[in-house]
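S.K.: One structure is given below, represented as structure tokens, and several questions about it will come after.
The values are calculated or read from the model by the stated rules, or taken from the named source; none is laboratory data. Since we're looking at a predicted model, the values are computed, not measured. Methodologically, a virtual Cβ is constructed for each residue, glycine included, from the backbone with ideal geometry; neighbour enumeration extends over all protein chains shown. Keep in mind that these areas ignore ligands, DNA and RNA; they rest on the heavy atoms of the full protein, side chains included. Shrake-Rupley method; radii C 1.70, N 1.55, O 1.52, S 1.80 Å.
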Amino acid sequence: MDKRYTLTTSAIAAIATALALSACDRSDSSRTTSTAPSSTMATTPPATAPSTPMATTGDKMAATADKVATAVDDTAITTKVKAALLAEPGLKSLKIDVDTKNAAVTLSGSVDSAASRDKAKQVAGAVSGVTTVVDQLTVKS
């Protein structure tokens, strides 16, 4: 529970940071910098920002959003796999750890038989979003 809360909090913080940084590159043309009459103000051409930093900021935001989306997807997949394993009568009493990275699920822990190992792999592989299942389960002797 703490890991999911920390991941969710981190994701929200990353999104908020990305949005705040994107606002830094915006200019407000309706803002005035002086209340002096326009006849006394020197005329200078408006400064133009180079296009590269804006593209870089956009790229960083997109990359951050992708990382956050992947982390959220991985957390959801882990939760679904754990729920599916607990719903399976022969597997719910076993201690099977589930870890997900880029939609690849890793099962670890110990099971009581090769049949339980195969069933756990089959159940995990059937969960929506899972691309591969890495078996690190050991059979108790």
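S.K.: In nm, to one decimal, how far is the modelled label at S113 from the one at A87, with both set 7 Å along Cα→Cβ?
M.R.: 2.3
S.K.: Non-local amide H neighbours of K101 (under 5 Å, H modeled in plane, Pro and chain starts lacking H): which ones?
M.R.: It is T106, by chain and number.
S.K.: Something else now. What's the extension gain from T131 to D97 if we count 0.36 nm per residue and subtract their Cα-Cα distance?
M.R.: Here the segment from T131 to D97 would lengthen by 10.5 nm.
S.K.: Next up: Counting only heavy atoms of protein chains, what accessible area per residue, in Å², does the range 77-118 have with a probe of 1.4 Å?
M.R.: 53
S.K.: Using a 7 Å offset from the Cα along the Cα-to-Cβ direction at both K60 and D73, what is the distance between the two label points in nm, to one decimal?
M.R.: In this crude spin-label approximation the distance works out to 2.4 nm.
S.K.: Roughly speaking, to the nearest percent, how much of the range 81-141's 1.4 Å accessible area is carbon and sulfur?
M.R.: 51
S.K.: Give K60/K80; K60/K121; K60/K82; K95/K119 a once-over and call out the pairs whose C-alpha atoms are over 25 Å from each other.
M.R.: Details: K60/K80 30 Å; K60/K121 37 Å; K60/K82 33 Å; K95/K119 14 Å.
The answer is K60/K80; K60/K121; K60/K82.
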